[in-house]
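Visitor: Handing you a structure now.
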Amino acid sequence: MRFKGYIWIVGLFLWLTGAAGACPTPQKVQQLLRNLTPGNLKILSVRPSAVKGLCEVTLQQGTRKGVTYIDESGRYLVAGRIIEIAKRRDLTGERISELNRVKLTPQQVQKLRQYVAFSAGKGPEVFFIIDPDCPFCKKAERILWQLIQENKVRVNVVFFPLEQLHPRAKQKAIALICEKKGFEDLVAGYQGTKECREGKDKVEEGARFVKSLGIRGTPTYVFPSGLTHSGVLSREQLLKLLKNAS
């Protein structure tokens, strides 16, 4: 009898400690945040995060999904990013990219080819959607340029100038096409001003098509399988994705 009683007490203890470490339900979080968030914000899921004691809250407003954090008790909201210091990984950014990842159909990938400004390199193929004035794109360009020189990737550049952020980006994109420039000129920060019908049409129509796919940021990588990734990929990440896509 004592043994059975001991087993019962241990079971109760485990149940209580497990409950204490559980994340609140999406319904509970929705209720907790009702006075802090707009009415059209929907809580999709709540799960343990990489940081002990914090729960990852996945939310959606319109078509965009995001991430925030709440403690297990539901008392504290933590608005910020989780960075894995040792590996220099933005875990929050990776999760947001994953949640908002667009998967293109074969027909959409084929149509995207119509708007390629120029290509460079040999090897597995990737479409590279960029704004020529985007600072994150410049970082991604340097990584790709090294891989291009090593014949480890073939890059198809599609321009998607974000004019509200970079007023001169569209003109630069058009000039790169009109003056028959390539990836090396892009990396070097080419500053042309030439205009032509071919360049203007390709940039404007390409930007409209990219936006229709649900892509909103640069850089965005598109693999022939239709898999997309928004945000800079490291050399290692890119090679892994290229290998899996081939």
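Visitor: Add -39500 (n - 2.57) for each DSSP H run of 4 or more in the chain, then divide by its residues: what number comes out at 222 nm, to the nearest 500 deg cm²/dmol?
Guide: -12000 deg cm²/dmol
Visitor: Largest first, what is the accessible-area ranking of SER73, SER97 with a 1.4 Å probe?
Guide: SER73, SER97
Visitor: Right, here's the next one. Carbon-plus-sulfur fraction of the accessible area of region 96-242, 1.4 Å probe, in percent?
Guide: Numbers: 3490 of 7080 Å².
Ligands and nucleic acids excluded, carbon and sulfur give 49 percent.
Visitor: Given axes a ≥ b ≥ c from the Cα gyration tensor, I'd like to know whether region 102-187 is rounded (a/c under 1.5), prolate (a/b larger than b/c) or oblate.
Guide: Judged from the Cα gyration tensor, region 102-187 comes out oblate (a/c at least 1.5, b/c at or above a/b).
Visitor: Here is a further query. Could you tell me the center-to-center distance, by alpha carbons, between region 31-75 and region 153-223 in angstrom?
Guide: 36
Visitor: 5 Å is the cut-off here: which amide hydrogens, built 1.01 Å from N in the peptide plane, fall below it relative to VAL102, excluding neighbours closer than 5 in sequence?
Guide: Excluding prolines and chain starts, which carry no amide H, the hits are THR228.
Visitor: Taking a threshold of 24 Å on the Cα-Cα distance, which of the pairs LYS138/LYS202; LYS170/LYS240; LYS65/LYS170; LYS181/LYS202; LYS28/LYS65; LYS111/LYS202 fall above it? Don't jump to the answer; show the numbers that get you there.
Guide: Numbers: LYS138/LYS202 21 Å; LYS170/LYS240 32 Å; LYS65/LYS170 28 Å; LYS181/LYS202 14 Å; LYS28/LYS65 19 Å; LYS111/LYS202 12 Å.
Pairs exceeding the cut-off: LYS170/LYS240; LYS65/LYS170.
Visitor: While we're looking at this one, here's another question. Kindly sort LEU233, LEU77 by accessible area of their heavy atoms, largest first, with the probe set to 1.4 Å.
Guide: Listed by decreasing accessible area, they come as LEU77, LEU233.
Visitor: Along region 169-181, what does the Karplus equation 6.51 cos²θ - 1.76 cosθ + 1.60 (θ = phi - 60°) give for ³J(HN,Hα), rounded to whole Hz, x for Gly and Pro?
Guide: 5, 4, 4, 5, 4, 4, 5, 4, 6, 5, 9, 6, 8
Visitor: Just to be sure I understand, if you calculate Rg/Rh (Cα atoms, Kirkwood Rh) for this structure, which of (1) 1.06; (2) 0.95; (3) 1.13 do you get?
Guide: Read-out from the structure maps to (3).
Visitor: Shifting gears a bit: Determine the shape class of region 12-133: with a ≥ b ≥ c the square roots of the Cα gyration tensor eigenvalues, call it rounded for a/c under 1.5, and otherwise prolate if a/b is greater than b/c, oblate otherwise.
Guide: prolate
Visitor: May I ask you to compute the full-extension gain from GLN107 to ASP185, defined as 0.36 nm times their residue separation minus their alpha-carbon distance, rounded to one decimal in nm?
Guide: Taking GLN107 through ASP185 to full extension adds about 25.0 nm, to one decimal.
Visitor: Using modelled amide H (1.01 Å from N, peptide plane; none on Pro or chain starts), what sits under 5 Å from the amide H of LEU44, excluding residues fewer than 5 places away?
Guide: Excluding prolines and chain starts, which carry no amide H, the hits are THR58, LEU59, GLN60.
Visitor: Considering Cα pairs under 8 angstrom that are at least six residues apart, work out the relative contact order of the chain and quote it in whole percent.
Guide: Once normalised by length, the contact order is 17 percent.
Visitor: How many Å² of accessible area per residue for the chain, probe 1.4 Å?
Guide: In whole numbers, the chain has 59 Å² accessible per residue.
Visitor: So which residue, out of ALA120, ALA86, ALA175, gets the largest mean-square fluctuation from a GNM of the chain using Cα contacts under 10 Å as springs?
Guide: Judging by the Gaussian network model, the answer is ALA86.
The values are calculated or read from the model by the stated rules, or taken from the named source; none is laboratory data. Treat the numbers as computed from the prediction; the structure is a model and nothing was measured. Surface accessibility is based on the protein's heavy atoms, side chains included, excluding ligands, DNA and RNA. Shrake-Rupley method; radii C 1.70, N 1.55, O 1.52, S 1.80 Å.
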